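The values are calculated or read from the model by the stated rules, or taken from the named source; none is laboratory data. All of these numbers come straight from a predicted model, not from anything done at the bench. Ideal geometry is used to build each Cβ from the backbone, glycine not excepted, and the neighbour counts take in all protein chains shown. Accessible surface is based on the protein model in full, side chains and every heavy atom, while ligands, DNA and RNA are left aside. Shrake-Rupley method; radii C 1.70, N 1.55, O 1.52, S 1.80 Å.
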Amino acid sequence: MRCFRQYAQTVLVPWRCGRGTRARPLSSTYGAPTVTLLRRTFYPSPTAASPTILNHILQNPSPRRLPPPPPSPITVPARYCSHRRNMCKHQFGPDDAGSAIDITKAREVLPANVKPVHYDLTLEPDFGNFTYDGEVTIHLDVVEDTTSISLNTNELKIHSTTVHSGEQAVADALTVAHDVDGQVTKISLHSHTIPAGSTAKVTMKFSGTLNDNMAGFYRSSFKAADGSTTYMATTQMEPTDARRAFPCFDEPALKSTFTVTLVADDKMTCLSNMDVASEKTVQSAIAGGQRKAVTFNKTPVMSTYLLAFIVGELNYIETNSFRVPVRVYVPKDRDVEHGRFSLELAAKTLAFYEKTFASEFPLPKMDMIAIPDFSAGAMENWGLVTYRVVDLLIDEKVSSASTKQRVAETVQHELAHQWFGNLVTMDFWDGLWLNEGFATWMSWYSCNVFYPEWKVWEGYVTDNLASALSLDSLRSSHPIEVPVKRADEINQIFDAISYSKGSCVLRMISKYLGEETFMEGIRRYLKKHAFGNTQTGDLWAALSDASGKDVEKVMDIWTKHVGFPVVTVTEDPHANSIHVKQNRFLRTADVKPEEDQTLFPVFLGLRTKDGVDEDLALTSREAEFKLNDLDFFKLNADHSGLYRTSYSPERLRKLGLAAKDGLLTVEDRAGMIADAGALAASGYQKTSGILSLLDSFKSEAEFVVWQEISGRISILRSSWIFEDDAVKDALRRFQLDLVSDKAHELGWHFTGKDGHIEQQFKGMMFGAAGVAKDEKIVKAASDMFKKFKAGDKRAIHPNLRGSVYAIVLSNGGKEEYDIVLDQACNAATSDERNTALRALGRAKSPDLIKRTLDLALSEEVKGQDIYLPISALRTHSEGIQALWSWVKDNWAELERRLPPSLSMLSSVVSICTSSFTHREQVEDIKAFFASKSTKGFDKALAQSIDAISAKAAWIERDFLLLLASSG
């Protein structure tokens, strides 16, 4: 699945898993000329310091506080989890940072006395009342002598229940009891015992609500040709909402086969995981007449969370270029040809995966469908993948290059799941990363094969690696393998640890083993465990078998422990050696001794003029390594390792020169800037160092490096967003000085000769310079917008659309706002509408901020998109404060629309809290939630508080003031 998730210093951009939205930095937001760093030795609310104090500090700058010395090396046990996060109502941090935990003991699972083997499921939706009727017969193997049967239900009405032992009905009266909180229904057989080794079946008639929460069996709406609202019924079962659709054994390891029948009007298309077996006419009490009953062929053995069924008025396109039919379905208000790119890519990708995995896709068809209301980005239901509209459909005439890449990655991510997740499934949700980490890695791997000109592995450093290191630098992060037990906990681990860090660990091990050896291990893993369930150790065993190396010994530490290290490098010129030492890295730079006990196996990837030594590793606290010479070296070549590297200022200067001399790859350069920026923000290095480093990259030629530069400036400006105007203006001028020349060099006119990367490069630099108030670019944006307003819909190129909207809204007023709002409501494609929605928060006047906030809870914005209009409010202090007030004033309504048991509320809480920068703001957040349950978003809240605390500490260390520069 691709998920929508929000991390500390990031704004959500639709991406997903299944896969939702990828969190991206506040890029093209800020940037900055010459800045003088002044240390603030007092920490009141930010006010302008007196000239006397300023002059004193300028003439006598105090030395930067160094982080405390790391503790002495400590012997650690071979295996343990570093901490378990268990936030209750009034707790805002981890409860035990160093405990060892057996993740399986946290699980709340059903009794193991029976095991499902097959479901016969019939469902009939009633679109008039938004309800449905259902009947399910579950065939069971009886494992133990049984006097009761427990299964999962949630928000279902059970009308009747019968139990058969073998072929004979249990005659005794049954007692059916519901545990609402545990989401379990228990059927007690009283005096009857079904013996172990026999079979049984349970039949239940039930009804449910076609809810509007985008979970279970739910309704989604679109416009009919006459403008009226039309509904379809669709599903989202992952992680634990199959029980919301029908009574079932809703755990990943309780795999079964399914035969699904859907009853609907003739005009409706009925879809499920399998192809149609039969269709007949039946009498319908709901319709008061005849309807069709469509029965689908029996599925392979699969988990309940992968089941899907859809009823609606749909169109489709099909290709037979793959071994089985591949189709894209769309609601009738969408142009089905916008699914052509995804359709053709899916057929090629399925063929590629079959060959790469040496495993045939086991279903008789592959359907993909755009769903108008969808909480994630996409969901990998076996044979019937569901997507947000913007993650499947693309009109290449009006969509940007980055949109095309996102759609490609999403499709390839979901199709990777057809093997890794669907064919072979983690045995419980604490192993979610096995699904998501691999699908994320595989989507990049396959995208690189299909589109080598996109150079996706270069962007991996600023995307997945950046997301992983950002979240994992917080004390409130969690291990890749994390103990979970309840649905509200499971939803919260669909995050950058399971997806991005998981994929980074796989990238690291693929480099260590070699890519072909790694893929051979994957093939053995899939073959051995097909149609079964696994734990992480099963993957390590397959990779060990293929490579002859003890993979588990190396990799267990990375998956079972939270965090990552900073590797500090010191040099001994006399001995031609380097000394490297690892310590836990936290963004707050306040690591406690008990949090620094894990010794990670660090692949050093030493780059010198002789090449890269991939075998060099740090497996202890510290070690010394001889080099031929110290003229040029760099650790973590191509940044495939999960750690930060801290060099001396002089070495960092030499690496900057080496970059200009062509000795560093694109990944090296981007990663070096990322490390320096993160170390400066956390106090391990001087902030003046990252500013000097950024300034030295003015002549940089590569898009990905400029992505990282832009992101670092965004983090700087957003961290100082509540400081004096003089400080903020100095940072803006620094950005302007840094990016303007490159923006003008690239230009903002597009031709057919512009490649995929060049299109994105032009768009990004235009935006970065425009929001820094480059006069020529602001005028160009204004001119484009005026032509657009006059009716020239081609006046704004798709690669510039978001930046133009941002620039004119930042500098304009009600007129500009109304035009962008009209696009947000009425543009032809979802991509265009989302771009406009995402820009509205740039408007800063109180009236326009209020309109943006009101819009988020209006009928004009679907629940799935509530984050879009509010995200850009985080680009200015007025918006951040208004957003938090809005949350407090509308909390009851937000809880109603976005139930905590689902995932969207967690994202909204993160968006609305994480942009603060002062400790008193943390206290306000804590005070508000002190009287409220944080179940379902406690992790997001703790991560926001950690992120704010880190920014507050940064401000306290390095209060930035600007000296007037000439001109």
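Listing for the model above:
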| item | result |
| --- | --- |
| Those residues of segment 359-383 which are in contact (Cβ under 8 Å) with a residue 60 or more places away in the chain and among the hydrophobic types (A, V, I, L, M, F, W, C), in sequence order | Leu363, Ile369, Ile371, Phe374, Ala376, Ala378, Met379, Trp382 |
| Residue in segment 424-442 that is in contact with a strand residue (DSSP E or B) (Cβ under 6 Å, 6 or more places away or on another chain), farther than 28 Å from Arg712 by Cα and in a loop (DSSP other than H, G, I, E, B) present | yes |
| Positions within segment 323-343 being surrounded by 16 or more Cβ atoms within 10 Å (Cβ to Cβ) and assigned to a helix (DSSP H, G or I), in sequence order | Val336, His338, Gly339, Arg340, Phe341, Ser342, Leu343 |
| Search result, residues across segment 899-933 that are within 16 Å of Phe722 (Cα to Cα), in contact with a helix residue (DSSP H, G or I) (Cβ under 6 Å, 6 or more places away or on another chain) and either hydrophobic (A, V, I, L, M, F, W, C) or in a helix (DSSP H, G or I) (or both) | Cys912, Thr913, Phe916, Arg919, Val922 |
| Subset of segment 923-938 [open to solvent by 10 Å² or more (accessible area, probe 1.4 Å) and not acidic (Asp, Glu)] | Lys926, Ala927, Phe928, Ala930, Ser931, Lys932, Ser933, Lys935 |
| Ile807 vs. criteria surrounded by 22 or more Cβ atoms within 10 Å (Cβ to Cβ) and at pLDDT 95 or above | yes |
| Conditions (1) among the small types (Gly, Ala, Ser); (2) in contact with a Gly (Cβ under 7 Å, 6 or more places away or on another chain); (3) free of Cβ contacts under 8 Å to residues at least 12 places away in the same chain; number of the one not met by Ala839 | (3) |
| Qualifying position, being modelled with pLDDT of 95 or more, surrounded by fewer than 22 Cβ atoms within 10 Å (Cβ to Cβ) and not basic (Lys, Arg), among Ala285, Ala253 | Ala253 |
| Selection count where residues are part of a helix (DSSP H, G or I) and more than 20 Å from Lys935 (Cα to Cα), scope segment 472-496 | 1 |
| Residue list for segment 180-191, filter: surrounded by 12 or more Cβ atoms within 10 Å (Cβ to Cβ) and not β-branched (Val, Ile, Thr) | Gly182, Gln183, Lys186, Ser188, Leu189, His190 |
| Test result for Lys511, modelled with pLDDT under 95 and within 20 Å of Glu614 (Cβ to Cβ) | yes |
| Odd one out for His192 among (1) assigned to a strand (DSSP E or B); (2) more than 19 Å from Ala242 (Cβ to Cβ); (3) not small (Gly, Ala, Ser) | (1) |
| Subset of segment 154-168 (residues that are β-branched (Val, Ile, Thr) and surrounded by fewer than 17 Cβ atoms within 10 Å (Cβ to Cβ)) | Ile158, Thr162 |
| Odd one out for Thr299 among (1) under 30 Å from Asn448 (Cβ atoms); (2) open to solvent by less than 30 Å² (accessible area, probe 1.4 Å) | (1) |
| Whichever residue in segment 195-217 is assigned to a strand (DSSP E or B) and under 30 Å from Ile866 (Cα atoms) and, among such residues, is most open to solvent (accessible area, probe 1.4 Å) | Thr209 |
| Condition broken by Ala171, with the remaining ones in (1) outside any strand (DSSP E or B); (2) surrounded by 14 or more Cβ atoms within 10 Å (Cβ to Cβ) satisfied | (2) |
| Qualifying residue in segment 631-649 (condition: outside any loop (DSSP other than H, G, I, E, B), at pLDDT 95 or above, among the charged types (D, E, K, R) and more than 27 Å from the chain's Cα centre (by Cα)) | yes |
| Any hit, segment 691-706, residues being at pLDDT below 95, of a type in the set (Ser, Thr, Tyr) and closer than 30 Å to Asp590 by Cβ | yes |
| Candidate set: segment 605-630, residues that are outside any loop (DSSP other than H, G, I, E, B) and small (Gly, Ala, Ser); chosen: the one farthest from Asn464 (Cα to Cα) | Ala623 |
| Tally, over segment 347-388, of residues that are open to solvent by less than 10 Å² (accessible area, probe 1.4 Å) and assigned to a helix (DSSP H, G or I) | 5 |
| Test: residue in segment 570-591 that is open to solvent by 50 Å² or more (accessible area, probe 1.4 Å), charged (D, E, K, R) and modelled with pLDDT under 95 | yes |
| In segment 221-247, the residues that are in a loop (DSSP other than H, G, I, E, B) and open to solvent by 20 Å² or more (accessible area, probe 1.4 Å) | Ala224, Ala225, Asp226, Gly227, Ser228 |
| Residue in segment 533-549 that is of a type in the set (Val, Ile, Thr), surrounded by fewer than 20 Cβ atoms within 10 Å (Cβ to Cβ) and in a helix (DSSP H, G or I) present | no |
| Hits in segment 584-600 - residues which are out of contact with any strand residue (DSSP E or B) (no Cβ under 6 Å at 6 or more places or on another chain) and not basic (Lys, Arg) | Leu586, Thr588, Ala589, Asp590, Pro593, Glu594, Gln597, Thr598, Leu599 |
| Residue among Thr234, Thr199 that is in contact (Cβ under 8 Å) with a residue 24 or more places away in the chain and in contact with a Ser or Thr (Cβ under 7 Å, 6 or more places away or on another chain) | Thr234 |
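Quick grid of which residues meet (1) part of a loop (DSSP other than H, G, I, E, B); (2) at pLDDT below 95; (3) of a type outside the set (S, T, N, Q):
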residue	(1), (2), (3)
Leu121	no, no, yes
Glu124	no, no, yes
Gly128	yes, no, yes
Gly134	no, no, yes
His139	no, no, yes
Ile149	no, no, yes
Asn154	yes, no, no
Thr162	no, no, no
